[in-house]
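A quick write-up on the structure given underneath.
The values are calculated or read from the model by the stated rules, or taken from the named source; none is laboratory data. Since this is a predicted model, take the numbers as computed values, not measurements. Cβ atoms come from the backbone with ideal geometry, glycine included; neighbour counts cover every protein chain shown.
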Amino acid sequence: MRRREMSDRQAEIYQYIVDFIRERGISPSIRDIQHDLHISSTSVVSYNLNVLERLGKIIRNDKISRGISLPGLTPARLDQAIGRVPLLGTITAGSPLPDPEEIDLNSAEQIVIPADVIPPNRLNGVYAMKVRGQSMIDALIDDGDIVLLRWQETAENGQMVAARLIDENAVTLKKFYREDDRIRLQPANATMPPIYTAPDNVQIQGRVIGVLRSLL
């Protein structure tokens with residue numbers, strides 16, 4: 001199911017608020033956010049805070065300078081409120097993906113996954129990829145969206161997976177089907193043909209478990 005999600009800027013502000021409250025025990029002011037995130041004006045900060053409030057990510061009290069809070073959360077509970085997963089790049093033709101369990105999470109780019117998307121205790125082995133192209137548009141996955149995948153090396157018929165084509169040294173996002181002595185990788189786009197290949201030419205590198213929609 002597609003859902004309205006935060007933009008990159010809003011996710012950055014949200015994460016800043018979470019980290020600020022965790023580290024200092026108070027919420028940041030609008031000027032704190034503007035200064036530390038190098039935002040052009042306080043009005044831009046206010047606009048993005050209003051969006052976060054409409055999305056239910058924060059609660060604002062405009063009558064005080066540090067009137068931002070997180071719904072139902074106290075600083076002591078923030079570590080359980082959000083999770084992060086590595087963003088491994090763009091899912092398109094290219095090099096095979098690394099196993100997320102072998103990635104140095106201190107150096108890999110990461111994205112914030114709020115608990116209302118996937119609870120942090122269910123993020124083990126999960127990674128993210130940005131989608132390029134419209135081969136899965138009929139499955140409501142569009143160009144620029146981010147897919148969340150759980151690392152696994154097997155798949156059942158009909159599951160949407162990241163599949164590496166070994167001979168082509170390419171990774172593609174498709175639905176997986178095993179048919180007799182071949183594998184069918186099926187796009188969700190009526191204008192695109194399926195990919196047929198031998199079973200030993202396919203390496204499953206994860207199953208799609210969620211989608212973060214791009215608003216751009």
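Among all positions in region 149-163, there is no residue which is farther than 19 Å from L185 by Cβ and in the same structural domain as P199 (by TED's automatic domain parsing). Could you tell me which residue of region 5-29 is nearest to V85 (Cα to Cα), considering only residues that are touching a Ser or Thr at 6+ places or on another chain (Cβ under 9 Å) and crowded, with 20+ Cβ neighbours inside 10 Å? This residue is I17. Taken together, the residues in region 163-193 that are over 15 Å from G133 (Cβ atoms), touching a Leu at 6+ places or on another chain (Cβ under 9 Å) and either in a loop (DSSP other than H, G, I, E, B) or among the small types (G, A, S) (or both) amount to 0.
Selection of region 164-191 for residues being closer than 18 Å to D145 by Cβ and surrounded by 16 or more Cβ atoms within 10 Å (Cβ to Cβ) yields V171, T172, L173, K174, K175, P187, A188.
Looking at region 148-162, can you tell me whether even one residue there is in a strand (DSSP E or B), more than 19 Å from the chain's Cα centre (by Cα) and touching a residue at least 40 places away in the same chain (Cβ under 8 Å)? Within region 148-162, not a single residue is in a strand (DSSP E or B), more than 19 Å from the chain's Cα centre (by Cα) and touching a residue at least 40 places away in the same chain (Cβ under 8 Å).
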